[in-house]
1. Check the stretch A:311-323 and report whether any residue there is more than 12 Å from RNA strand B (Cβ to nearest atom), on the phi > 0 side of the Ramachandran plot and outside the structural domain of residue A:113 (by TED's automatic domain parsing).
2. Within the stretch A:339-364, how many residues are assigned to a helix (DSSP H, G or I) and surrounded by fewer than 18 Cβ atoms within 10 Å (Cβ to Cβ)?
3. Would you point out which residue out of A:281, A:263 is within 27 Å of residue A:157 (Cβ to Cβ), assigned by TED's automatic domain parsing to the domain that holds residue A:130 and either under 11 Å from the mean Cα position of the chain (by Cα) or at pLDDT below 95 (or both)?
4. Among the residues of the stretch A:365-400, write down those that are near RNA strand B (Cβ under 10 Å from one of its atoms) and either part of a helix (DSSP H, G or I) or in contact (Cβ under 8 Å) with a residue 12 or more places away in the chain (or both).
5. Please verify whether residue A:299 is assigned to a loop (DSSP other than H, G, I, E, B), surrounded by fewer than 23 Cβ atoms within 10 Å (Cβ to Cβ) and either touching a strand residue (DSSP E or B) at 6+ places or on another chain (Cβ under 8 Å) or not assigned by TED's automatic domain parsing to the domain that holds residue A:79 (or both), treating the condition exactly as stated.
6. Before we move on, is residue A:153 near RNA strand B (Cβ under 9 Å from one of its atoms), part of a loop (DSSP other than H, G, I, E, B) and under 30 Å from residue A:255 (Cα atoms)?
7. Do you know which residues across the stretch A:278-291 are out of contact with any helix residue (DSSP H, G or I) (no Cβ under 6 Å at 6 or more places or on another chain) and either under 16 Å from residue A:323 (Cα atoms) or assigned to a loop (DSSP other than H, G, I, E, B) (or both)?
8. Within the stretch A:39-46, can one find any residue that is within 27 Å of residue A:210 (Cβ to Cβ), touching a residue at least 60 places away in the same chain (Cβ under 8 Å) and either touching a strand residue (DSSP E or B) at 6+ places or on another chain (Cβ under 6 Å) or assigned by TED's automatic domain parsing to the domain that holds residue A:163 (or both)?
RNA sequence: CGGGGUGUGGCGAAGUUUGGUAUCGCGCUUGGUUCGGGACCAAGAGGCCUCGGGUUCAAAUCCCGACACUCCGACCA
């Protein structure tokens, strides 16, 4: 007999991927809409994921000498406008403060859409000598961009992120920093988020406003659309000159430092949802899961069961795992479904029959695999299973990526491949923005990046027939 | 910002065409029985029908306007 549709049930991704995504965001209790359009509330479970991301990433930044700072949230209009390209790039989406109390402000203040200007202004005040370089700063904060259409994690008017900003004595050092941070992101995506990425450089059309070069890690979602995971920019000395950031060099001349910035956002949570989730809900990589192990007692009213379950929880907790015991009155089936929806990587079941046999059952979220383990081997077995989840997730995501990169030699072929399979379509390219525009108009794809690992697919641009300069990955992006 | 769709207890919906003062399922509370994959029985609580105007004896329902969510484009992390 067909059951009534359950409250917690989510739309199948094959039926409606966008609805599936929204269902997970809401029903796994990651976010809730706020009362201002386009703003979201990160709920405890969603924020806990972000905290784990922050903790791991922040430690990586610090390993390479970066320090955290906090900059003001408001930027005077005159300061924001000193660098023309940045202003033009962000002008349409800046929110302004015009009143202070009941007084109209002399100069309106921008909510930061990004903080290059604040860092430059600060550096222009504190930098004096080459001996103080490099300055390797990062901040964790939120920014505001007045987006037209919004979706949880993927595009909201306020989002949380980290923005790294550095200045260096030489261009070579700054370029090395840009590359180092790009690789830091790539490693984070693969090792922590279990999402493989394509490292590449953005075309001029797609690069950050004001940057000399923008690098990106691009990843592929389960609907075979592309998502930019993080970016790393090289600015040269453009902002230094615009904001008059100077230092006395080794040769006693006044010089402008070379600058970088790099950022990653709560959008990464959206990437995790769409790269790993399934029709039962969220699937979280153990590295960032707020709850890594859920302990479920079976027939918990029977003598000894709750005590045994509690003992498991304590042992796993002592072993350093994030573990929770659910001893609520909900049925076993309800609990299983609930924690699957929330993406808990590993479930431990223990009931009267297990206790009698001196064992418990471990169930992996990513592939449903069950393993019976002796109680005295619990800690090692749980750690092993979690490692297998992390590994299995990465392998599956790698398979999704590698099986969705296609080579095309004409716009029509590129269009057909995209429509049939989705994913990344790789072609040669002459370097002309007009050809990018043509690909957008005729095949519905934008250039995602020029991969650092270039391949030679031919000698001509398939769009215009002129000599090819670069290989480009094209895709439909979030 | 252009084009569609939607807005009714916490969630999902019925009711709107043909105006008469709100219904169902889930969830929630209490008690009891259950418990190896979304349990069952009983009794309860909970609603400015998104908001603001208008028409009417009477508006969830008709008219005008606003807002929000959502999908498809354009723009963007």
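The values are calculated or read from the model by the stated rules, or taken from the named source; none is laboratory data. Only a predicted model underlies this, so the values are computations on that prediction, with no experimental measurement involved. No Cβ is skipped: glycine too gets one built from the backbone with ideal geometry, and neighbour counts run over all protein chains shown.
1. yes
2. The total comes to 4.
3. A:263
4. Filtering the stretch A:365-400 down to residues near RNA strand B (Cβ under 10 Å from one of its atoms) leaves A:365, A:368, A:370, A:372.
Those that are near RNA strand B (Cβ under 10 Å from one of its atoms) and either part of a helix (DSSP H, G or I) or in contact (Cβ under 8 Å) with a residue 12 or more places away in the chain (or both): A:365, A:372.
5. The answer is yes for residue A:299.
6. Details: near RNA strand B (Cβ under 9 Å from one of its atoms): yes; part of a loop (DSSP other than H, G, I, E, B): yes; under 30 Å from residue A:255 (Cα atoms): no.
Here the answer is no, as residue A:153 does not meet what is asked.
7. Step one: of the stretch A:278-291, the residues out of contact with any helix residue (DSSP H, G or I) (no Cβ under 6 Å at 6 or more places or on another chain) are A:278-279, A:284, A:289, A:291.
Listed by number, the residues that qualify are A:279, A:284, A:289, A:291.
8. Yes, the stretch A:39-46 has at least one match.
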